[in-house]
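The values are calculated or read from the model by the stated rules, or taken from the named source; none is laboratory data. Bear in mind the structure is a predicted one, so any value in this text is a computation, not a measurement. With ideal geometry, Cβ positions are generated from the backbone for all residues, glycine too; neighbour counts draw on all protein chains shown.
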Amino acid sequence: MDIEELTERATELVRSGTLSYDQKLRRLATLATEVLAYPDISDACAAALDKRVVCDMFEGHAPFTPRYVLPDYELAVRQGLEHLEMPAPTTLDDALAFLQVMYTHVPSVTTYPVYLGDLDKVLAPFVDDDLSDDELDVKLRRFWVGIDRMLPDAFVHVDLGPHDSRITRSILRVERSLRQAVPNITLKVDPDVTPDDLIEDAVRTVFETGKPHFVNHPMMVGDHGERYAAVSCYNSLKIGGGAHTLVRLNLKEVALLHAGTADEFLADVLPHYVELTAELAEARVRSLVEQQRFFETHWLAAEGLIDLDRFSAMFGIFGLAECTNLLMAYDELDRDGEARYGHDADANALAVRIVERVAELVADRPMPYCEGGGGRSYLHSQSGIDLDAAVTAGTRIPVGDEPPLLDHIAACAPHHHLFASGVSDIFHVDETATRNPEALVDIVRGAFASGMRDFTFNLDDNEFVRITGYLVRKSDLEAIAADGAVRHASDHLAAGSENAFHLTQRAVKRVGCHERDPR
Amino acid sequence: MSATPADIDQDVEDRGAPRAVTGYVADTISFSNVDGPGNRFVVFMQGCNFDCVACHNPQTIPGHEPLEGYHPQHLLVDQLLDDIRRAAPFIRGVTASGGEATQQSEFLRALFTAIKNDPDLARLTCFVDSNGATARSVWDRLAPVTDGAMIDLKCFDGDIHREMTGQPNDLVLASIEHLAGLGLLHETRLLLLAGVNDDDELLLRTAEWLAAVDPEMRIKLIRFRSHGARPQTPPLVEPTHEALVHAADVLRSVAPFEICTV
């Protein structure tokens, strides 16, 4: 970037009428790293990046924090924080204050923490029978308001489950009464452990706030062990670890660069671009670990609350729907668009072949400093950013083209097991479900029995809209449309997606999520 | 209710292969959250013995089938079981609706029996959504393989019932009493039409009769919606939301019913 462009973009930022003071500050910091040299990559990789066939999520030129950091909060409240001079808390009030302080010091590419802990477990040592449910609600309610006001970003994420607990129930009650966009919530569901009435309580919370997200606990444990969490916009990673970076491959663009059969695509073209994506990831990981020396310099690592060996990189793919449909057309099997992803058994089978091929290639590509993933990147179905136009998020079926729910699940479930770091499909339900929450409990159980890894319900007519995967309030979107400033950093991202997709006008709201736009 | 599903199946076997019974089916949906408890697979049977002015599926009434683009099918039990099996992980049960499902009660009995006897499907509950105009003997034959019934009471007043449906309501009332006695009455549904069956005096009489059957009965109060119904002269009127809430209050003043409003 030359000084002229830097000046122009910085001027635009500082003079913005719709960004808050904090939002300006954070964006100026990102802008500054773009002055620095990009990590060493080949010309082919740079060209693919330039055309956004591969994408670095606009994390800046010199990564100085991992993208997703999952501190071990259970350990933190046991041993205290030396760097912050916070002794281990002994009461619930102390623990909540301790966490609130700690959250503001957890790094991420947004500057807001993407993970606040599995709070049912983190807080369990501080809640005993002497504390009534009403008292617990009052304390957690105050804590919850603090989170939303101090960490105003919809990627801030709390995990609960799979076991039932008083804390879990209290958090769901507080959620329903406050109806805040922040924090996002995931409920871990283990069919053998999580009771129906906890899932039903969660479903009732979905009706109020669009949260929680549901994850298949046994499948996650199989990939990450017991100590994992879903964070940010549904990225499942190891607690005490995280992801250095997220790079993603636009499968639609790769298919457009190809002119032969599906078999040739899988044999030649796809491996080439998977390697370019991996090259980009490796360059960014090395820059973070070797040049900026994050793990040697950050107190979370020094105090054992994160461990480099529990980190990996995330390898995202998106545009599977368009890729599949293009390849069906190249093979002249598309029946004028009728045989397409989500609607045709052959197309669905091809989609699975594509994902299986990517998974195989990613599993064959060693990555440095990625012991969390056994020396490999985690595969991720990446759910989009607000610049994505005419390409479908992750491995989803295009917005508005989803078949009935049973067919939808049948199309998507076969590849869910391959995405260790998350998929986040979204199921649209209408308001009749609110009178029969048991019906959604049945669907949660069925989806996991069918091999789904994770998903979210989006309720029509809800004040909360899942624009890309993260939540915003309709009223906040309308405020941006009226050119006003809003409180949540993520609302601006949503406004971009809303403009690009007219998502709230559609029958079904689904796209993706992201933490940062390029400006 | 001494017969077990296996006995019934044997009974039906004796009378000829049960799965060879065909049903005349208007449509099926894999997932429904408005046809009984939880998520359910619903079979809409073609044909009805009522001709309700407010019907939302008039194409299921003989003589009202659309001339084009409407194709009810004759299906074997096994053909339906394939679809049910696919939905099974996601559903709590199966509901036979319509049309009037009990018009094809032998098919229902064969279908429900097959579900109860299939190890993969036996956990599913089998419900009937009915207008209630069915003989007691039909319910007795269905009872061993049926887990619950939802009965529409279009109107407690016989004359108004006849105006609304073309038929008297004596069988409907008898079905409600009989099913409650069998422990199979899941819910009674009252459809409210503004100016037709929603005045307080009629609602009180209805409530008193229902309370005598079961004072804690689950009642679904449904506000008529014109969408999908045939135009009438004079036009049918949708009750206001306030009228629906008021009707629920009137019912509640009589007995501690479990009331939900739609």
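What number of residues within the stretch A:415-450 are touching a helix residue (DSSP H, G or I) at 6+ places or on another chain (Cβ under 7 Å), more than 10 Å from chain B (Cβ to nearest Cβ) and surrounded by fewer than 18 Cβ atoms within 10 Å (Cβ to Cβ)? Matching residues across the stretch A:415-450 total 1. Scanning the stretch B:29-49 for residues that are outside any loop (DSSP other than H, G, I, E, B), more than 24 Å from B:Met164 (Cβ to Cβ) and either modelled with pLDDT under 95 or in contact with a helix residue (DSSP H, G or I) (Cβ under 6 Å, 6 or more places away or on another chain) (or both) yields B:Ile29, B:Ser30, B:Phe31, B:Ser32, B:Phe41. Restricting attention to the stretch A:419-442, the residues that are within 19 Å of A:Ala230 (Cβ to Cβ) and either part of a helix (DSSP H, G or I) or in contact with a Phe, Trp or Tyr (Cβ under 6 Å, 6 or more places away or on another chain) (or both) add up to 7. If you go through the stretch A:287-307 and keep only what is in a helix (DSSP H, G or I) and surrounded by fewer than 18 Cβ atoms within 10 Å (Cβ to Cβ), you end up with A:Glu290, A:Gln291, A:Glu296, A:Thr297, A:Trp299, A:Ala301, A:Ala302. Here B:Val250, B:Val254 are screened, and the one residue that is surrounded by 12 or more Cβ atoms within 10 Å (Cβ to Cβ), touching a residue at least 12 places away in the same chain (Cβ under 8 Å), over 20 Å from the mean Cα position of the chain (by Cα) and in a helix (DSSP H, G or I) is B:Val250.
The rows are residues; the columns are (1) surrounded by fewer than 19 Cβ atoms within 10 Å (Cβ to Cβ); (2) within 22 Å of A:Ala410 (Cβ to Cβ); (3) touching an Asp or Glu at 6+ places or on another chain (Cβ under 6 Å); (4) away from chain A (no Cβ under 13 Å).
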position: B:Ala26; (1), (2), (3), (4): no, no, no, yes
position: B:Met45; (1), (2), (3), (4): no, no, no, yes
position: B:Asn49; (1), (2), (3), (4): yes, no, yes, yes
position: B:Asn57; (1), (2), (3), (4): yes, no, no, yes
position: B:Thr60; (1), (2), (3), (4): no, no, no, yes
position: B:Pro66; (1), (2), (3), (4): yes, no, no, yes
position: B:Asp83; (1), (2), (3), (4): yes, yes, no, no
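Here's the yes/no breakdown for (1) assigned to a helix (DSSP H, G or I); (2) under 23 Å from A:Ala181 (Cβ atoms); (3) of a type in the set (Asp, Glu); (4) without any contact (Cβ under 8 Å) to a residue 24 or more places away in the chain:
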site	(1), (2), (3), (4)
A:Val109	no, yes, no, no
A:Val114	no, yes, no, no
A:Asp120	yes, yes, yes, no
A:Leu123	yes, yes, no, no
A:Glu135	yes, no, yes, yes
A:Val138	yes, yes, no, yes
A:Val145	yes, yes, no, no
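Checking each residue in the stretch A:10-34 for being among the charged types (D, E, K, R) and under 22 Å from A:Met57 (Cβ atoms) picks out A:Glu12, A:Asp22, A:Lys24, A:Arg26, A:Arg27, A:Glu34. Residues satisfying the criterion are present in the stretch A:404-412 (criterion: touching a residue at least 40 places away in the same chain (Cβ under 8 Å), more than 8 Å from chain B (Cβ to nearest Cβ), under 30 Å from A:Phe58 (Cα atoms) and not aromatic (Phe, Trp, Tyr)). Could you list, in sequence order, all residues of the stretch A:387-418 that are touching an Asp or Glu at 6+ places or on another chain (Cβ under 9 Å) and outside any helix (DSSP H, G or I)? A:Leu387, A:Ala390, A:Val391, A:Thr392, A:Gly394, A:Thr395, A:Arg396, A:Ile397, A:Pro398, A:His417, A:Leu418 - these are the residues of the stretch A:387-418 that are touching an Asp or Glu at 6+ places or on another chain (Cβ under 9 Å) and outside any helix (DSSP H, G or I). Restricted to the stretch B:50-130, the set of strands (runs of 3 or more DSSP E) holding at least 1 residues that are within 16 Å of B:Asp35 (Cα to Cα) comprises B:93-98, B:125-130. Set side by side, the residues A:Ala321, A:Ala262, A:Ala255, A:Ala278 differ, and just one is in contact with a helix residue (DSSP H, G or I) (Cβ under 9 Å, 6 or more places away or on another chain) and either closer than 27 Å to A:Phe64 by Cβ or at pLDDT below 95 (or both), which is A:Ala278. Do we have A:Asp336 as within 27 Å of the chain's Cα centre (by Cα) and in the same structural domain as A:Gln382 (by TED's automatic domain parsing) here? It is false that A:Asp336 is within 27 Å of the chain's Cα centre (by Cα) and in the same structural domain as A:Gln382 (by TED's automatic domain parsing). Looking at (1) charged (D, E, K, R); (2) over 30 Å from A:Ala313 (Cα atoms); (3) out of contact with any helix residue (DSSP H, G or I) (no Cβ under 6 Å at 6 or more places or on another chain), which one does A:Arg227 not meet, given that it meets all the others? So the condition that A:Arg227 fails would be (2). Scanning the stretch A:451-469 for residues that are at pLDDT below 60 and either within 13 Å of chain B (Cβ to nearest Cβ) or not in a strand (DSSP E or B) (or both) gives A:Asn462, A:Ile467, A:Thr468, A:Gly469.
Scanning the stretch A:212-227 for residues being of a type outside the set (Gly, Ala, Ser) and farther than 21 Å from A:Ala413 by Cα gives a total of 2.
Elements of the type strands (runs of 3 or more DSSP E) sitting completely within the stretch A:160-251 and holding at least 3 residues that are under 18 Å from the mean Cα position of the chain (by Cα) and farther than 17 Å from A:Asp120 by Cβ: these cover A:235-238, A:241-250. If you filter the stretch B:85-107 down to residues that are touching a residue at least 60 places away in the same chain (Cβ under 8 Å) and closer than 18 Å to B:Tyr24 by Cβ, you find that the one that is nearest to the other protein chains (Cβ to nearest Cβ) is B:Thr95. Quick check: is even one residue across the stretch B:133-144 touching a helix residue (DSSP H, G or I) at 6+ places or on another chain (Cβ under 9 Å), more than 14 Å from chain A (Cβ to nearest Cβ), touching a residue at least 60 places away in the same chain (Cβ under 8 Å) and over 27 Å from B:His56 (Cβ atoms)? Yes, that holds for at least one residue.
Summed over the stretch B:110-147, the residues that are within 27 Å of B:Gly166 (Cβ to Cβ) and not hydrophobic (A, V, I, L, M, F, W, C) give a count of 10.
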